[in-house]
């Protein structure tokens with residue numbers, strides 16, 4: 001306010017002096033005796049007008065310099081030596097502070113950018129940022145190493161250097177998360193890829209991040225094999241051990257003390273009965289082994305899904321009607337909730353029905369002898385995916401068993417084959433979906449089937 005007040009006073013003073021000069025000049029104008037006075041006053045008038053214009057526009061010129069410097073991010077400009085009167089010292093200081101503030105912001109922004117560059121270079125996963133689907137604005141060394149694309153500046157070069165990688169990324173489209181596998185320089189790589197398309201300053205960008213998970217997959221495969229071998233060993237030993245024992249027993253019954261074969265007439269009826277019992281037991285255990293092998297064969301020969309779009313409510317209600325027969329004579333209640341009611345799923349209805357029936361059957365077993373048992377089938381949309389949830393308020397699954405329930409042939413039921421959940425997991429994998437479980441002992445269990453939403 002003080003700056004504006006001084007400026008106004010000085011402008012008024014200059015205008016007042018200008019008017020006085022004009023007034024005096026008008027009084028003597030035309031008087032030949034005062035010709036030189038007229039010339040002097042005219043020069044003074046011109047100087048006063050020039051000074052007034054210079055004084056008024058000086059601020060505009062300096063402000064124009066300030067705005068031009070900000071526009072071009074040229075913060076080296078200085079206002080310390082500009083010719084200003086005392087009344088504009090405060091304005092001068094303010095302009096210098098503004099330039100310094102912009103300079104500090106630029107330095108801080110540059111420091112953050114350099115830190116971001118260092119951070120991106122140190123990441124243990126690849127990152128590529130595309131602008132307008134072609135120009136590469138960000139690419140880190142790990143991305144160049146994993147994809148075998150060094151020194152690229154646009155996506156066309158990526159297509160030339162690693163066409164398989166580029167094609168797989170392009171096939172995923174926008175906002176996708178999946179695993180891709182390709183071979184580069186004779187090495188097969190499995191990458192976990194995540195693609196996002198944010199808008200930055202109203203410009204579309206594609207952010208591609210990917211990580212080599214070969215070692216993690218190999219570790220998981222080894223763990224899965226160990227679990228499978230342990231369970232296979234358990235199942236086979238349960239059958240082979242009694243077969244070997246009974247065979248040895250029968251051999252003992254059929255030879256004398258000297259190890260010679262007994263004659264038929266020397267074998268008692270009791271011994272024959274023991275031999276027949278042993279043969280029946282061996283036959284039974286052999287049938288068990290054959291059944292086990294047949295079950296394993298089924299597990300490894302799941303048909304490829306025949307995909308179609310259908311209303312999930314219709315399937316869940318059909319399953320509800322079907323399972324009511326198994327619930328007769330129990331107090332278990334059954335509920336179906338679908339939101340929205342016309343929710344569509346793109347999958348193989350026969351295979352998915354098999355999965356849901358298996359989960360419902362497990363829930364029925366979990367609710368045995370529970371007076372207030374409840375099974376609910378829920379279907380809804382969440383995070384752009386379709387979720388089918390099978391829940392019960394049964395006894396729950398112990399935490400130590402949660403890691404094992406999807407392993408083939410693992411079962412907590414005596415009569416269980418141990419392939420139901422493993423089969424369900426494979427079926428969901430063939431659909432590009434997942435099956436997850438949440439359980440709390442004494443509270444209940446929920447299985448979640450996650451499907452991709454058809455675009």
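Values as computed for the structure displayed
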| item | result |
| --- | --- |
| Unmet criterion (only one of (1) over 15 Å from residue 451 (Cβ atoms); (2) at pLDDT 85 or above) for residue 405 | (2) |
| Those residues of the range 121-152 which are in a helix (DSSP H, G or I), without any contact (Cβ under 8 Å) to a residue 60 or more places away in the chain and in contact with a strand residue (DSSP E or B) (Cβ under 6 Å, 6 or more places away or on another chain), in sequence order | 142 |
| Residues located in the range 240-275, provided they are touching a strand residue (DSSP E or B) at 6+ places or on another chain (Cβ under 8 Å) and more than 26 Å from residue 287 (Cα to Cα) | 255, 261, 262 |
| Qualifying positions in the range 94-138 - at positive phi and surrounded by fewer than 11 Cβ atoms within 10 Å (Cβ to Cβ) | none |
| Unique match (being surrounded by 14 or more Cβ atoms within 10 Å (Cβ to Cβ), modelled with pLDDT under 75 and either in the same structural domain as residue 378 (by TED's automatic domain parsing) or under 27 Å from residue 423 (Cα atoms) (or both)) among 289, 351 | 289 |
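Quick grid of which residues meet (1) surrounded by fewer than 16 Cβ atoms within 10 Å (Cβ to Cβ); (2) modelled with pLDDT under 75; (3) over 22 Å from residue 394 (Cα atoms):
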| residue | (1), (2), (3) |
| --- | --- |
| 295 | no, yes, yes |
| 312 | no, no, yes |
| 315 | no, no, yes |
| 318 | yes, no, yes |
| 322 | yes, no, no |
| 326 | yes, yes, no |
| 331 | yes, no, no |
| 334 | no, no, no |
| 339 | yes, no, yes |
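The values are calculated or read from the model by the stated rules, or taken from the named source; none is laboratory data. Just so you know, these numbers come straight off a predicted model, no measurement behind them. So basically every Cβ, Gly included, is an ideal-geometry build from the backbone, and we count neighbours across all protein chains shown.
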